[in-house]
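The structure appears right after this line, and notes come after that.
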Amino acid sequence: MSRFSEIKDLIMSLEGDFDKFYSKGNQAAGTRVRKGMQDLKTLAQDIRKEVQDMKNAE
């Protein structure tokens, strides 16, 4: 469950940047959003592999 918390924390940390980019057109915030989404993708892939390995170990 700690991995789930990592995902929630990452998404919550990006909330301000999403607002700045979509509401105010702040380009730097858009860059931070893109980086955060890439980090999310990597984290999700790691979790996916971990779950698959645990499932196959049974």
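Only one of the numbered conditions (1) of a type outside the set (Ser, Thr, Tyr); (2) open to solvent by 60 Å² or more (accessible area, probe 1.4 Å); (3) under 13 Å from the mean Cα position of the chain (by Cα); (4) modelled with pLDDT of 95 or more is not met by ASP53, and that is (3).
Quick one: is ARG48 among the charged types (D, E, K, R) and open to solvent by less than 80 Å² (accessible area, probe 1.4 Å)? Here the answer is no, as ARG48 does not meet what is asked.
The values are calculated or read from the model by the stated rules, or taken from the named source; none is laboratory data. Quick caveat: nothing in here was measured; it's all calculated off a predicted structure. For the accessible areas, the whole protein counts, side chains as well, though only heavy atoms, and no ligand, DNA or RNA atoms are used. Shrake-Rupley method; radii C 1.70, N 1.55, O 1.52, S 1.80 Å.
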